[in-house]
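Asks: There's a structure below that I have some questions on.
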Amino acid sequence: MYFALPQEYREAKPANLVERIKAAKAKLGGRAIVLTHQYQRMEVVQLGDVLGDSYGLSKIAASRGDVEYIFFCGVHFMAESAYILAKKHQTVFLPNPLAGCPMADMADMADVLAAWKILEDFGGDKKIMPISYMNSAAGLKAFTGHHGGLICTSSNADAVYKWAFERREKLFFFPDEHLGYNTGIKFGLKPEEMVVWNFSEEYGDLTEEQIDKAKVILWKGHCHVHTNFKPEHIDNIRAEYPEAKIVVHPECTHEVVSKADAAGSTSFIVKYVEEQPEGSTIAIGTELNLINRLVHEHPDKQILVLSGETCPVCANMYRTTLNDLAYCLENYQDIKPITVPDDIRADALIALERMLEVH
Ligand code: SF4
């Protein structure tokens, strides 16, 4: 996809953009809402109406039937999910249409369908429950809903495992291997009860026996931002700041999660920092824009990036600028909104509504 902002917007100064965004929002009044994900740039977050993680923002999209326009400052799968959950009369915009998620792209539908064809010999949807992480394309969410499964986020993954195991013997978890594995361990599974489906290899690079014995089959996908945190980063922090608390996101590898003091969703991390006493030192293993904002909001605490000088930035979250938001708000009538074909929307909605029920 090619996308270039008109020159006028590219060259506008930040102060001018801020004024224009405020004016455009005022003109739209109660007809519009600007949702901002926790990993967005600070200046974008400051102009949003609601800040949250993908789970929290989905709930807003599902419950704010009173607004006509939803401007979603995040990445593509989030705006797609908002569209699926929104009412028919609502329109959803992604201010920078190039903002995608490489992890969501790791679960290509042709690969997923090829894998499922094999897994049908192991019981298909009589025995195997598909679970898709929120960070996935609408087509995968629809596949999941169609086969009786549901969407999970890092906020409700534990409850989703419980729900799924009450109904079927095995889980097929997409696309984040690490969230799936970390949740499995927390749930009480043994490492040998989880296998990884390598979609680039024939038969997932597994044997029949491995598939048969597995309780969880994990798709081989990952977030390059969170897998950049290494166990040695934790060792370095512990050596230099023995008093520090370390909190990480469950998209990090299990080696990192198991060495940290706590692991949880974006909202969990925000709350964890809030709850630490004044004067504490906290090292965080998640996206840099969120860490920077927490530094700004908690001057009474020493907040560190777990990986030191290695910057954990999500380049896709970083794509959305004030320039994009101003352009989108001022020209929404001429901009292509985010949509999903009706048949995909219907099945994906089933999976997303189950997500909202299970927490
Ligand atoms: S932080 Fe990772 S999972 Fe989240 S949008 Fe960026 S690449 Fe995707």
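The values are calculated or read from the model by the stated rules, or taken from the named source; none is laboratory data. Since this is a predicted model, take the numbers as computed values, not measurements. For neighbour counting, all protein chains shown are included, and Cβ atoms are generated from backbone atoms with ideal geometry for every residue, glycine included. Just so you know, the surface numbers come from the protein's heavy atoms only, side chains and all, with ligands and any DNA or RNA stripped out. Shrake-Rupley method; radii C 1.70, N 1.55, O 1.52, S 1.80 Å.
Asks: Quick one: with all protein chains in place, what share of the accessible area of the chain is carbon or sulfur, to the nearest percent (1.4 Å probe)?
Replies: Of the solvent-accessible surface of the chain, carbon and sulfur hold 50 percent.
Asks: Still on this structure: Rank by packing, highest mean first: peptides 334-346, 164-176, with packing defined as the count of other Cβ atoms within 10 Å averaged across residues. Provide the component values of the computation, followed by the final result.
Replies: Numbers: 334-346: 13.7, 164-176: 21.8.
Most protected by this proxy first, the peptides run 164-176, 334-346.
Asks: Exceeding 18 Å between C-alpha atoms, which entries from my cross-link table qualify? They are Lys127/Lys162; Lys59/Lys162; Lys59/Lys141; Lys127/Lys215; Lys126/Lys213; Lys230/Lys259.
Replies: The pairs that break the limit, which is 18 Å between Cα atoms, are Lys59/Lys162.
Asks: 222 nm [θ] for the chain, helices only, -39500 (n - 2.57) per DSSP H run of 4+, per residue, to 500?
Replies: Dividing the helical sum by the residues of the chain leaves -12500 deg cm²/dmol.
Asks: Roughly how many nanometres apart are two label points built 7 Å out from the Cα toward the Cβ at Glu19 and Leu113?
Replies: Modelled inter-label distance: 5.3 nm.
Asks: Now a separate question. Any idea what diffusion coefficient segment 49-208 gets from Stokes-Einstein, in µm²/s, Kirkwood Rh on alpha carbon pairs, 20 °C, 1.002 mPa s?
Replies: 128 µm²/s
Asks: May I ask you to derive the FRET efficiency for Glu43 and Ala346 from their Cβ-Cβ distance with R0 = 45 Å, giving the value to the nearest 0.05?
Replies: According to the calculation, E is roughly 0.75.
Asks: Can you classify segment 153-226 as rounded, prolate or oblate using the Cα gyration tensor, where a ≥ b ≥ c are the square roots of its eigenvalues, rounded means a/c under 1.5, and otherwise it's prolate if a/b beats b/c and oblate if not? Numbers along the way, then the final one.
Replies: On the way: a/c = 1.98, a/b = 1.16, b/c = 1.70.
Oblate.
Asks: Looking at the P(r) of the chain, how many percent of alpha-carbon pairs lie beyond 39 Å?
Replies: The calculated P(r) of the chain puts 16 percent of pairs beyond 39 Å.
Asks: Can you compute the modelled spin-label distance between Arg10 and His224, with each label point 7 Å from Cα toward Cβ, in nm?
Replies: Using points 7 Å along Cα→Cβ, the separation is 2.4 nm.
Asks: Separate question: Take the Cβ-Cβ distance between Ala159 and Ala262 as r, set R0 to 25 Å, and report the resulting FRET efficiency rounded to the nearest 0.05.
Replies: Working: r = 18 Å, r/R0 = 0.72.
Computed FRET efficiency for Ala159 and Ala262 comes out at 0.85.
Asks: Can you order the peptides 199-207, 73-81, 3-11 by their average number of other Cβ atoms within 10 Å per residue, highest first?
Replies: Taking the mean over residues of other Cβ atoms within 10 Å, the ranking is 73-81, 199-207, 3-11.
Asks: Related question: Amide H to amide H under 5 Å from Met129: which residues, 5+ apart in sequence or cross-chain, H placed 1.01 Å off N in plane?
Replies: Lys170, Leu171, Phe172
Asks: Also, quick follow-up: Please give the Cα centre distance for segment 108-124 versus segment 203-271, rounded to the nearest Å.
Replies: About 26 Å separates the Cα centre of segment 108-124 from the one of segment 203-271.
Asks: Give the accessible surface of segment 251-359 per residue, rounded to a whole number of Å², with probe radius 1.4 Å and ligands, DNA and RNA excluded.
Replies: 46 Å²
Asks: How high is the FRET efficiency between Glu232 and Asp205 when r is their beta carbon distance and R₀ equals 25 Å, given to the nearest 0.05?
Replies: That pair, Glu232 with Asp205, gives E of 0.35.
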